[in-house]
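Structure, as structure tokens:
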Amino acid sequence: MVSYDTVTSFDCDGFLCYVYRVMIDISVVIPVYGCPEALEELHRRLVHTLQGMEVTYEIILVDDCCPYGSWKYIEQICSRDRNTIGIRFSRNFGQMRAISAGVNAARGEYIITMDCDLQDVPENIPSLYSKVREGYDVVFARRKMRKDPIITRLWAKLFHKLFSYLSEIDFDYDLATYLIASKRAADCYRETQDRGRDFGMYLMWTGYRHAFVEFEHGERYAGKSSYNFSAKFKYAISTMTTFSNRILYIPIYIGAISSIASVAYLIYVIYTTLVLKNNPEGWATIVASVFLFGGLILSVLGIFGLYIGNIYDITKSRPLYIVQETLNSEAEI
């Protein structure tokens with residue numbers, strides 16, 4: 001049975017008119033970048049899985065201006081499947097904003113986000129759907145054995161440990177993009193003005209009732225990760241400064257420790273001068289101190305600058321992303 005959700009109402013020649021859109025059971029949101037060869041296989045397995053569940057569904061493929069020709073494959077898929085929606089960005093805005101665009105366009109009572117490289121196995125969707133219908137707002141897929149390189153795993157573990165401490169959110173290292181969320185949780189995400197758009201971390205922050213389901217992490221079907229060290233570092237800094245201001249306490253701790261060390265050293269100098277009658281030259285100590293505290297001051301200013309930059313980004317009121325083209329966006333499902 002197809003249900004409808006009221007979007008807006010307006011006066012039309014003296015009559016109150018309503019605009020409706022079709023509500024469906026499941027929306028699958030997939031940011032696309034760097035693995036065009038996987039899209040046909042991904043779509044085939046998704047359709048087979050979702051049709052087997054006997055639910056109404058839509059598949060939303062968001063092309064984050066992929067330079068490898070992913071949009072051509074999305075066009076082919078959308079031309080033969082009206083249940084698949086294609087969204088193309090005008091330029092690269094990043095994975096999290098691609099997920100934002102998909103979530104904003106989604107009409108499902110439940111929204112699933114996953115990667116396009118088939119490391120998130122489509123056949124696990126029934127387990128996620130079954131679990132979330134037990135009364136949860138969010139169900140995360142926890143990866144049993146990550147298939148990423150060891151350096152990637154170590155970096156991810158370090159980031160999530162640090163993020164959990166700074167944000168006071170216990171975010172599991174084995175969680176990633178693959179999850180299912182209720183419409184209520186997705187609506188909360190849509191309303192936020194934060195520039196940091198990590199869907200999973202935001203849903204964890206809301207405190208909505210959540211659960212976990214463990215799955216095997218699939219092998220990458222095609223392509224390679226576009227997240228190099230520089231991209232990961234920028235993402236980590238952006239996420240931590242968006243979700244937490246606890247990092248601002250670090251300069252306070254450093255300043256307190258430095259002050260205590262300075263007082264201790266001053267006592268040592270006075271003692272050696274008055275008691276031991278030995279006046280230390282201290283040139284090396286002075287130079288080292290100048291460089292040490294100069295670096296600390298610059299680091300503190302940098303931290304403040306990041307937070308001020310976040311405020312500046314919000315006040316500019318620029319869109320999170322710009323859509324250049326859509327396909328099947330008005331499909332009746």
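Restricting the first member to the range 101-122 and to residues that are at positive phi, and the second to residues that are part of a helix (DSSP H, G or I) and open to solvent by 20 Å² or more (accessible area, probe 1.4 Å), the beta-carbon pairs closer than 8 Å and six or more apart or on different chains are L118/E41; L118/R45.
Does E37 satisfy being among the charged types (D, E, K, R) and touching a residue at least 60 places away in the same chain (Cβ under 8 Å)? Yes: the conditions hold for E37.
Conditions tested, residue by residue: (1) open to solvent by less than 60 Å² (accessible area, probe 1.4 Å); (2) of a type in the set (A, V, I, L, M).
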site	(1), (2)
A38	yes, yes
Q51	no, no
C65	yes, no
C78	yes, no
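Among the residues making up the range 15-37, those that are in contact with a Lys or Arg (Cβ under 8 Å, 6 or more places away or on another chain), closer than 23 Å to A176 by Cα and at pLDDT 90 or above are S27, P36. The set of residues from the range 205-230 being at pLDDT 85 or above and among the hydrophobic types (A, V, I, L, M, F, W, C) comprises A211, F212, V213, F215. Before we move on, is G135 part of a loop (DSSP other than H, G, I, E, B), small (G, A, S) and either at pLDDT 95 or above or open to solvent by 30 Å² or more (accessible area, probe 1.4 Å) (or both)? Yes; evaluated as a whole, the condition is true for this residue. Against the criterion of being touching a helix residue (DSSP H, G or I) at 6+ places or on another chain (Cβ under 6 Å), crowded, with 21+ Cβ neighbours inside 10 Å and in a strand (DSSP E or B), L61 qualifies. Screening N104 with (1) under 24 Å from A186 (Cα atoms); (2) over 18 Å from the mean Cα position of the chain (by Cα); (3) open to solvent by 50 Å² or more (accessible area, probe 1.4 Å); (4) not aliphatic (A, V, I, L, M) gives one miss only, at (2).
Within the range 40-63, can one find any residue that is hydrophobic (A, V, I, L, M, F, W, C) and more than 27 Å from E216 (Cβ to Cβ)? No, the range 40-63 contains no residue that is hydrophobic (A, V, I, L, M, F, W, C) and more than 27 Å from E216 (Cβ to Cβ).
As a summary of the residue check, V29 satisfies the conditions (1) in contact with a Ser or Thr (Cβ under 6 Å, 6 or more places away or on another chain); (2) aliphatic (A, V, I, L, M); (3) part of a helix (DSSP H, G or I) except for the one numbered (3).
The values are calculated or read from the model by the stated rules, or taken from the named source; none is laboratory data. In this text, all values refer to a predicted model and were calculated from it rather than measured experimentally. FYI the Cβ positions are ideal-geometry reconstructions off the backbone, even for glycines, and counts take in every protein chain you see. Ligands, DNA and RNA are excluded from the accessible area calculation, which covers all protein heavy atoms including side chains. Shrake-Rupley method; radii C 1.70, N 1.55, O 1.52, S 1.80 Å.
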